[in-house]
Structures are given as structure tokens and as C-alpha cells.
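Visitor: Quick one: this structure, given as C-alpha cells, is what I'll be asking you about.
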Amino acid sequence: MATTSEVVLRALSLILVRASESSIQADEAKSAIIALNRMMASWEGAGIALGFTQVSSLGDLITVPEYALDGIENNLAVRLGPEFGGVVSPLLD
């Protein structure tokens with residue numbers, strides 16, 4: 001199971017704003033956590049039930065099957081791109 005930090009760092013690295021081994025600032029973490037929770041709630045509302053439990057810190061575990069992580073990271077990257085000034089590759093859309 002991945003942590004929120006791992007998922008957020010991967011999403012930020014996909015839009016070229018953060019190396020996967022670097023740390024996240026507190027304000028960045030808050031924005032990313034809000035975006036992740038909202039995205040997963042919208043998926044749940046659309047009938048995509050992955051068993052996600054809302055997270056509140058970077059250390060929280062992401063409670064979804066391992067196979068769903070790539071899709072979550074890619075979609076989170078697209079959501080975070082404009083806010084973080086990242087480059088959203090057409091391959092992520």
C-alpha cells in the first residue's frame with residue numbers, strides 16, 4: 001500500500017514540478033491532499049468504488065488496490081498541473 005506522500009510526489013514528478021525524492025512543503029501538501037480527496041470523492045460519486053478512505057496527512061495510507069495507483073497518480077497530476085505550474089503531458093489526459 002502506498003502513502004499519500006508517495007502518490008502526491010509521483011503526481012508532482014509527472015508534471016515536472018518536483019523530483020520524486022524531494023520533500024513537499026506544508027501548503028503544497030494541503031492543496032494536494034484536498035485535490036486527492038475531492039478527486040476520489042468524485043470518482044466514488046460516478047460509481048468508481050475503489051475503497052478509498054479520505055486522507056488527512058502525507059503519512060496516511062492510500063486504501064485502494066495496487067492496480068489503481070497509476071491511474072490515481074496520473075489523474076492527480078492533471079488536477080495539480082495548473083495550480084503548481086506544471087507541464088501536463090497530453091499522455092496524462
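Visitor: Could you compute how fast the chain diffuses translationally, taking Rh as the Kirkwood radius over C-alpha pairs and applying Stokes-Einstein at 4 °C with viscosity 1.567 mPa s? Give it in µm² per second. Please list the in-between numbers first.
Guide: Numbers: Rh = 13.0 Å.
The estimated diffusion coefficient comes to 99 µm²/s.
Visitor: So what is the calculated 222 nm ellipticity per residue for the chain, using -39500 (n - 2.57) for each DSSP H run with n of 4 or more, over all residues, to the nearest 500 deg cm²/dmol?
Guide: On the way: 3 runs with 47 residues, N = 93.
Counting only the DSSP helices, I get -16500 deg cm²/dmol.
Visitor: Of all accessible surface on the stretch 3-93 at a 1.4 Å probe, what whole percent is carbon and sulfur? Before the final figure, lay out each step's value.
Guide: Working: 2660 of 4990 Å².
Summing carbon and sulfur atoms, their accessible area is 53 percent of the total for the stretch 3-93.
Visitor: Take S57 and D27, extend 7 Å from each Cα along the Cα→Cβ direction, and tell me the distance between the two endpoints in nm.
Guide: Simple spin-label model gives 2.2 nm for this pair.
Visitor: Separate question: What whole-number value in Å² describes the accessible area per residue of the stretch 11-90 for a 1.4 Å probe? Write down the numbers at each step before the final one.
Guide: Numbers: 4370 Å² over 80 residues.
Here the residues of the stretch 11-90 average 55 Å² of exposed surface.
The values are calculated or read from the model by the stated rules, or taken from the named source; none is laboratory data. Note that the coordinates shown come from a computational prediction; the quantities given were computed from them, not determined experimentally. Glycine also receives a Cβ, built like all others from the backbone with ideal geometry; neighbour counts cover every protein chain displayed. Heads up: the accessible areas ignore ligands, DNA and RNA and are worked out on the full protein's heavy atoms, side chains in. Shrake-Rupley method; radii C 1.70, N 1.55, O 1.52, S 1.80 Å.
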